[in-house]
Amino acid sequence: MNIVFDAIIDSFNETKVGIGADFLNTSLASLLKENLVKLYHENQMIPAGTGNFDLVSHDVKVRSDKIHWLDRKHNNESENDFFDLMDEFVAYLNSTCYTGITGYEFHYSLYETGSFYKKHLDQFRSDSSRVFSMIMYLNVDWEQKDGGALCIHHESHLQHILPNNGKSVFFRSNELVHEVLTTNKPRMSITGWLKSDAASIR
Ligand code: OGA
Ligand code: MN
């Protein structure tokens, strides 16, 4: 039993959108944010594309965030602590929900003031390996007036989620259309996908 993991899994089962208020503890969230800010100052946050492989295009009318992929090879302590946490979460998810997740990928995201990501689905048309989308926010003291909400388009209603520090959001990558509304101040997060080998050959 894990209270933090259960909160996100229970809300996912009830509403299709899992929300864990303190998925990242304050210390890990602040160290990961320091990494992101450092990467930004080193010009290592690069414009995100849309689509996969040769189909990647950089259409700033669709999305205007900047990203940098996390990797255990960076030998960065907090990045590795993050991967340890994700390994724990994936093992818990697979054992309690039989999800068959076999891998993941995560990037830092920075939405500078005025940035957004228009309505989209996270699963690529040519590759169904992304099973779950997961976003962790790194923004202390975020308020409604700061904009930048994640807006999920359910069949019958819209759900707005503020990108508050440490919060994690979790949903099926092929199911929910969503968008990031224009942010009024820099908005930071780690975004990623839990993947299944099996899904890509289905
Ligand atoms: C994405 C995305 C949502 C968010 O990167 O695909 O939808 O809240 N991000 O940052
Ligand atoms: Mn998305």
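The values are calculated or read from the model by the stated rules, or taken from the named source; none is laboratory data. Because the structure is predicted, anything quoted here is derived from the model rather than measured. Note: ideal-geometry Cβ built from the backbone for every residue, glycine included; neighbour counts use all protein chains shown.
Wholly within the stretch 142-202, which strands (runs of 3 or more DSSP E) include no fewer than the required count, namely at least 3 residues that are over 13 Å from the mean Cα position of the chain (by Cα) and in contact (Cβ under 8 Å) with a residue 12 or more places away in the chain?
150-153
From 166, 148, which residue is in contact with a helix residue (DSSP H, G or I) (Cβ under 8 Å, 6 or more places away or on another chain) and small (Gly, Ala, Ser)? Let's see the steps before the verdict.
Numbers: 148 fails: in contact with a helix residue (DSSP H, G or I) (Cβ under 8 Å, 6 or more places away or on another chain).
Selected residue: 166, the only one of 166, 148 that is in contact with a helix residue (DSSP H, G or I) (Cβ under 8 Å, 6 or more places away or on another chain) and small (Gly, Ala, Ser).
Give the residues of the stretch 89-103 that are touching a residue at least 40 places away in the same chain (Cβ under 8 Å) and either within 15 Å of ligand 2 (Cβ to nearest atom) or exposed (fewer than 15 other Cβ atoms within 10 Å of the Cβ) (or both), sorted by residue number.
Hits for the stretch 89-103 are 96, 97, 100, 103.
Say we look at the stretch 119-133 and pick out the residues that are over 9 Å from residue 173 (Cα atoms) and near ligand 1 (Cβ under 10 Å from one of its atoms); which of these is surrounded by the most Cβ atoms within 10 Å (Cβ to Cβ)?
120
Would you confirm, using the coordinates I've provided, whether residue 102 is under 30 Å from residue 198 (Cα atoms), of a type in the set (S, T, N, Q) and modelled with pLDDT under 95?
Details: under 30 Å from residue 198 (Cα atoms): yes; of a type in the set (S, T, N, Q): yes; modelled with pLDDT under 95: no.
Spelling it out, it is not the case that residue 102 is under 30 Å from residue 198 (Cα atoms), of a type in the set (S, T, N, Q) and modelled with pLDDT under 95.
Right, residue 22: assigned to a loop (DSSP other than H, G, I, E, B), surrounded by fewer than 17 Cβ atoms within 10 Å (Cβ to Cβ) and within 16 Å of the chain's Cα centre (by Cα) or not?
yes
Can residue 182 be described as within 12 Å of ligand 1 (Cβ to nearest atom) and either out of contact with any Gly (no Cβ under 8 Å at 6 or more places or on another chain) or at pLDDT 95 or above (or both)?
When the stated conditions are applied, residue 182 does not pass them.
Within the stretch 122-131, is even one residue within 16 Å of ligand 2 (Cβ to nearest atom) and modelled with pLDDT of 95 or more? Give the derivation first.
Filtering the stretch 122-131 for residues within 16 Å of ligand 2 (Cβ to nearest atom) gives 122-125, 127-131.
Filter once more, so that each one left must be modelled with pLDDT of 95 or more: 131.
Yes.
Does residue 176 fit the bill of being in contact with a Cys (Cβ under 9 Å, 6 or more places away or on another chain), more than 9 Å from ligand 1 (Cβ to nearest atom) and over 23 Å from residue 66 (Cβ atoms)?
Taking the combined requirement at face value, the residue does not satisfy it.
Could you please find all residues in the stretch 1-38 being closer than 16 Å to residue 95 by Cβ, touching a residue at least 40 places away in the same chain (Cβ under 8 Å) and among the β-branched types (Val, Ile, Thr)?
Matches in the stretch 1-38: 8, 9.
Using beta carbons and a limit of 6 Å, which pairs, at least six apart or on different chains, have the first residue in the stretch 117-129 and touching a residue at least 12 places away in the same chain (Cβ under 8 Å) and the second one within 11 Å of ligand 1 (Cβ to nearest atom) and small (Gly, Ala, Ser)?
122/133; 122/173; 123/173
Out of the residues in the stretch 185-199 that are surrounded by 15 or more Cβ atoms within 10 Å (Cβ to Cβ) and more than 19 Å from residue 24 (Cα to Cα), state the one that is modelled with the lowest pLDDT.
199
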